[in-house]
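Each remark here refers to the structure printed beneath this line.
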Amino acid sequence: MYGARHESQEDKMQKFTPTRRTFLTAAAAAGAGLPAAAHADRIATDDFQFEVQYTNEEWLERLTVEQYEILRKNGTEWPGSSPLSKQYETGSFYCQGCGLKLFDSVHRVRLDKGWVFFRHAEPLSVLMDIDTEANYSGTPGNERTLIEVICRRCGSHLGHLLRVDGQLVHCINGTALEFRPAAA
């Protein structure tokens with residue numbers, strides 16, 4: 001249409017991105033208490049290169065606004081916002097960023113906290129990183145360190161390794177995953 005203004009990806013992202021305070025309030029209400037990560041895109045070093053690398057513009061073209069916010073900006077989805085949080089069908093879970101198989105439903109854990117939980121990842125599929133949230137509660141000097149789970153192939157943020165209800169689990173954003181049912 002002539003004269004119609006289309007929203008850019010940046011415009012859409014500004015509408016989607018919740019503030020840390022609103023997220024923490026929602027997470028506390030859900031009983032999980034997960035803060036959103038604040039650091040920017042992961043940068044490969046001379047010592048380590050991710051197999052799949054795209055420019056920021058290419059990521060914006062490949063992913064939805066919500067996927068970009070989670071995978072590339074280390075965001076956290078709202079509890080229960082992904083249909084995968086309540087889906088327990090047999091199958092496999094793949095990275096939305098690069099298609100690497102990350103998790104299998106045999107390792108799925110049923111926790112009603114609003115995210116997707118697994119006991120184990122597929123071998124050699126994820127890496128762990130240190131995710132430090134300084135002053136996330138607004139209290140000076142308050143610091144909480146989390147273990148971040150990232151895709152080994154493309155470096156996308158998936159979630160965190162946490163102790164939930166006494167179990168050490170991968171707490172994963174459903175938005176970061178593509179589910180493929182097992183063949184019948």
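The table that follows gives values for the structure above.
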| quantity | calculated |
| --- | --- |
| Simple spin-label estimate for Glu57 and Ser105 in nanometres, 7 Å along Cα-Cβ | 4.1 |
| Distance-filtered residues of segment 90-128 - backbone nitrogen under 11 Å, label point 7 angstrom along Gln167 Cα→Cβ | 107-113, 117-120 |
| Shape of segment 65-127, Cα gyration tensor, a/c cut at 1.5 | oblate |
| Whole-Å semi-axes of segment 43-97's equivalent ellipsoid (Cα gyration tensor) | 25, 15, 11 |
| Length gained when the stretch Thr64-Leu124 is fully extended (0.36 nm per residue, less Cα-Cα span) | 19.0 nm |
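Taken together, the values in this text are just the output of simple stated rules run on the coordinates, not laboratory data. Because the structure is a prediction, the values reported are computed rather than measured. Every residue, glycine among them, receives a Cβ derived from its backbone with ideal geometry; neighbour counts consider all protein chains shown.
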